[in-house]
Each structure stands twice: as C-alpha cells, then as structure tokens.
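I have placed the structure first, in the form of structure tokens, so that the comments after it can refer back to it.
The values are calculated or read from the model by the stated rules, or taken from the named source; none is laboratory data. Because the structure is a prediction, the values reported are computed rather than measured. Heads up, the Cβs are rebuilt from the backbone with ideal geometry, glycines too, and the neighbour counts pull from every protein chain shown. Each accessible area value is taken on the protein alone, full model and side chains, heavy atoms only, with ligands, DNA and RNA left out. Shrake-Rupley method; radii C 1.70, N 1.55, O 1.52, S 1.80 Å.
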Amino acid sequence: MTGASDLSALERRLGYRFRDRALLVRAVTHRSFANEHPDAGGDNERLEFLGDAVLDLVVGEQLMARHPDLHEGDLSMLRASIVSEAGLSAIARDLGLGDHLRLGRGEERSGGRDKPSLLADALEAVVAAIYRDGGFDRAAEVVARLFAGAIAGAVATEPPDYKTRLQEWSQARFKVPPEYEVVAERGPDHDKTFRVDVRLRGRVLATGEGRSKKEAEQAAARAALANVDAGD
C-alpha cells in the first residue's frame, strides 16, 4: 500500500512537486482499493476522464507544432497512437508508476501493478492531478517532456495507408475495426466506378469512390480520417 509520504520518488521522476499531495494520492488510487478502504478519499476514475482531455490537447498541440504540413487525419491518427493504452502504459512503466499504485487485494494478486489498462488510466489521472494542482501550463510542460520521444518518433514515421490508419485509430479509440460496404456500382464491366461506405459501430463515417473496390475503400477511409477532428 502506498501512502502520501511514499510518493516523493514519483514526483522527482515527473519533475513536478505537488502543493496538494492528496491529488497525487487520489491519482494512484484504483477503485479496488477505494472499495476496500472507505476512508481512502475516492478513486482516480474522475481524474482519468480529465487527464484524457488534457493529454489530447497537449499532444495534439505538440504534433501540430512539430509537423505543420500534416493533414488533420494524420494528426488524429498519430495522436490516437501516442495516447493509446499501449503508449500510455509504456510511459507509465518508465516512470515506475506501477510501484506507487494503491490496489485492492484482488488486483494486487492478479498483477495489477503491470496491467497496461491500470497503468494507462493512472497516468491519465496523474496528468489531471498536475493540471488541478498547478494549472494547464505546468501540466503541458510535464506532458511535453514525458511524451517528447513518443511524439518525435510518431512524426518521424511514414504514415501508413488510409485504411490501416483508420483501423488503428478505430482500435485505439473504440476497440473495434471499421467496416466497408459497396453501396453502388455504375458503368460497364470494363470501366466500373464503385461507391463504398465506411462504418464504425453501425454509423456511416464517410463515403468514397474509385475504379476498384480497393481504391474506393481507400478514398472512404481518407474522407473518414479528415472528418475525425471535425467531430463527424
């Protein structure tokens, strides 16, 4: 069990010292611990929600600054990859965050300190705790430093094809892949044009056309990525 007095090492790795240490304690408190200890002061789930928003904003801003010519769909895909469970849990492990988690007995026995989902959630909560304690500028400073390598690496990577990028974005955000359906064909057999819808969880994200089904699917995926930041 980790208490407030045990978190100085984590603060040093974060490069941030809390004025209100209770915020950091809450950020590392899993609901399993809070359920077993009614006096724990709550769990980190609400902080996770806030931290997710802070991370999206700061990482998005960093990506735009580093790569001003990148299309919005590319930016969204890169951001989704960086703040995915895998990306967040890797940074959490570098921080040694798992050593500081307050877990219930069941999570402790099942290896919760190294579970990617718990680590990713806790990192989001820690970012929110910094935001609540020191304001946006301090939180942005910490995030930019912690994610510098991931952001630089993502920008340096050649973007994959549109279908792959859309699938990676969809998996990172919703844990399900998009689906493609040919909704129309026109023209003679030697000169056909295909129209394809791309759907996510039953909703049409975009439509594309091409001289082949593959080309139409790529066009639909490209249009869907362009709509991501517009909220479509």
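Taken about its Cα centre, segment 1-72 carries a charge dipole of roughly 400 debye when the Cβ of each Lys and Arg holds +1 and the Cβ of each Asp and Glu holds -1.
Ligands, DNA and RNA are left out, and with a 1.4 angstrom probe the accessible area of the chain is 52 Å² per residue.
Which percent of the accessible area of segment 171-232 is formed by carbon and sulfur heavy atoms (probe 1.4 angstrom)? Don't skip to the answer; put the middle values down first.
Working: 1640 of 3810 Å².
The C+S portion of the solvent-accessible surface of segment 171-232 is 43 percent.
Measuring between their Cα centroids, segment 81-97 and segment 1-61 lie 15 Å from each other.
Working from label points 7 Å from Cα in the Cα-to-Cβ sense, the D99 to D114 distance is 1.5 nm. Projecting the Cα atoms of I151, L24, P177 onto the charge dipole of the chain (Cβ charges, centred on the Cα centre) puts L24 farthest toward the positive pole.
Each of L101, M64, L123 was placed along the dipole of segment 1-145 (beta-carbon charges, centred on the mean Cα), and the one lying farthest toward the positive end is L101. Under a model in which nothing but the beta-carbon of Lys, Arg (+1) and Asp, Glu (-1) is charged, segment 1-124 shows a dipole of about 480 debye around its Cα centre.
Mind pulling up the Rg/Rh value for segment 91-166? Radius of gyration and Kirkwood radius, both on Cα. Don't skip to the end; give the middle numbers.
Working: Rg = 15.7 Å, Rh = 14.5 Å.
On the Cα set of segment 91-166, Rg over Rh gives 1.08.
Per-residue extension of 0.36 nm, minus the Cα-Cα distance of E85 and T207, leaves a gain of 41.0 nm for this segment. Accessible area of segment 22-89 with a 1.4 Å probe: how many percent of it is carbon plus sulfur? Percent of accessible area from carbon and sulfur atoms in segment 22-89: 51. Summing Cβ point charges (Lys, Arg +1; Asp, Glu -1) relative to the Cα centre of segment 38-92 gives a dipole of roughly 200 debye. Translational diffusion of the chain, estimated by Stokes-Einstein from the Kirkwood radius over alpha carbon pairs at 10 °C in a medium of 1.306 mPa s, is 82 µm² per second. Size of segment 44-98: Rg and Dmax of its alpha carbons, in Å, are 12.5, 37.
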